[in-house]
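What follows is a set of notes on a single structure, which appears directly below.
The values are calculated or read from the model by the stated rules, or taken from the named source; none is laboratory data. Everything quoted here is computed from the prediction, not taken from an experiment. All Cβ positions, glycine included, derive from the backbone under ideal geometry; neighbour counts span all protein chains shown. Surface accessibility is based on the protein's heavy atoms, side chains included, excluding ligands, DNA and RNA. Shrake-Rupley method; radii C 1.70, N 1.55, O 1.52, S 1.80 Å.
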Amino acid sequence: MIKDYFIIPWKEIKRRKLRSWLTLIGIIIGIAAVISLITLGKGLENAIAKQFDALGNDKLFITAKGSPLTPGLSTDAVTITNKDVDIVKRSSSVKEVAAMSFTTARIEFNDRVRYFIISGLPTDPKERALLGEAQSYKINIGRSLDKGDKYKAVLGYEYTKQGLFDKEITVGDKILINNQEFKVIGFMDRIGSPPDDQRILIPFDTYSDLFNTDEEVGFIVAQVKAGEDIEKAGEDIKKDLRKERGLSEGKEDFSVETPDKLASAFGTILDIVNIVLVGIAAISLLVGGIGIMNTMFTSVLQRTKEIGVMKALGAQNKHILYLFLIESGFYGLGGGLIGITIGIGLAKLVEAIFIIYIGPAFLLIEIDYYLILGTLLFSFIVGCLSGIAPARRASKLNPVDSLRYE
């Protein structure tokens with residue numbers, strides 16, 4: 001008897017293939033959208049977490065409020081200067097400090113002009129190593145910037161290809177940055193994000209002269225001594241900077257962040273985006289549920305005489321109820337299985353496109369089996385809930401009236 005609860009609905013679904021597929025489409029679209037969007041959102045979170053994990057847990061990032069490294073925008077001309085660098089260096093809990101600046105500039109090579117990010121990097125080996133670790137800079141070809149270098153440049157990975165200037169740049173070539181000639185001395189390993197892989201590094205002093213930045217720096221990286229509490233070190237630096245700038249607590253025009261806090265800020269933004277996208281996908285799932293309900297009501301009407309025969313043979317109301325509930329559940333479960341497959345396929349396709357055209361740093365897809373199992377259960381429940389009203393109607397049909405139904 002129990003197996004008949006599954007055999008009869010399955011035969012009915014197979015008997016009306018076109019109607020069954022049309023019913024499944026709504027659930028398939030909704031589940032595929034939910035799975036792909038959640039998987040892509042988690043992929044972005046994984047990629048960001050991996051990038052911040054690579055920074056280590058011993059570094060602090062000091063920036064002006066509203067800088068590209070901090071969330072939010074500022075209309076004030078707030079800057080970080082070399083004076084702030086000196087204050088951070090005097091902190092007793094800090095081991096090493098390095099500053100870096102960046103801007104967009106005109107780049108000319110092979111009679112072609114493009115605009116890319118230029119970064120001013122210190123030539124002191126320790127400071128350069130600290131920034132290299134924080135920014136994932138590793139030399140692939142040639143050498144890094146060194147003391148005594150002035151008009152020398154290290155280029156990102158993308159410059160080793162022909163796409164940017166229709167000609168591959170090699171070590172020893174000359175490029176123009178804001179009409180100033182620089183000699184290429186090396187290339188960095190691929191980082192995986194286009195802005196970083198298209199970045200150009202030049203000596204910090206040369207950067208200041210070329211862009212007239214005087215004492216201004218873009219941001220500061222401070223490495224905390226081993227055994228020191230990074231949160232306390234950050235608070236000490238904040239206190240020193242507030243005192244120097246004449247600011248009260250809570251009125252800071254600068255930001256001192258740990259990698260965890262930066263990752264958390266990005267994660268919060270991604271969570272909001274995910275909620276909105278999943279909400280949109282849920283609308284598709286609701287439409288799919290309505291489609292199942294409509295199909296089941298139609299099925300009740302078409303099978304009224306069949307229901308009367310089953311009741312005449314001894315079937316009880318609960319038996320009819322279970323048959324229709326399981327059939328609607330099959331629609332939900334089948335749509336869920338197909339939707340999950342399509343959703344994962346779409347997420348993997350997007351990941352492949354990202355890797356080819358953008359790089360691996362922004363997306364790291366991992367299949368969440370708990371999400372898959374939960375979505376399957378959810379889709380089955382949606383199907384069952386959508387079939388409750390039609391199933392109740394079928395179970396309450398009068399057997400005599402049902403047998404007379406044409």
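Figures for the structure shown
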quantity: Solvent-accessible area per residue for the range 159-232 (1.4 angstrom probe, square angstrom); calculated: 46
quantity: Pair ALA49, LYS83: separation of 7 Å Cα→Cβ label points (nm); calculated: 4.2
quantity: Stretch gain in nm, segment ASP240-GLN316, where the contour uses 0.36 nm per residue and the Cα spacing is subtracted; calculated: 19.3 nm
quantity: FRET efficiency, 1/(1 + (r/R0)^6) with R0 41 Å, evaluated for ASP111 and ASP260 via beta carbons; calculated: 0.30
quantity: Convex hull (Cα only) mean projected area of the range 94-155, reported in nm² to one decimal; calculated: 5.1
quantity: Under 14 Å, Cβ to Cβ, from ALA347 - net charge with Lys/Arg +1 and Asp/Glu -1; calculated: -2
quantity: Where TYR151, TYR369 fall by accessible area, highest first, once all protein chains stay in place (1.4 Å); calculated: TYR369, TYR151
quantity: Between the range 186-206 and the range 234-293, the Cα center-to-center distance that results, in Å; calculated: 28
quantity: Two-site label geometry, ASP146 and ILE275: point separation in nm, points 7 Å out along Cα→Cβ; calculated: 5.4
quantity: Estimated vicinal HN-Hα couplings, Hz - the range 176-191 in sequence order (Karplus 6.51, -1.76, 1.60; Gly, Pro = x); calculated: 10, 10, 6, 6, 9, 6, 10, 9, 6, 10, x, 10, 8, 5, 5, 8
quantity: Heavy-atom accessible surface of the range 81-228: percent carbon and sulfur, 1.4 Å; calculated: 40
quantity: GLU249 versus ASP124: modelled label distance in nm, points set 7 Å from Cα along the beta carbon direction; calculated: 3.1
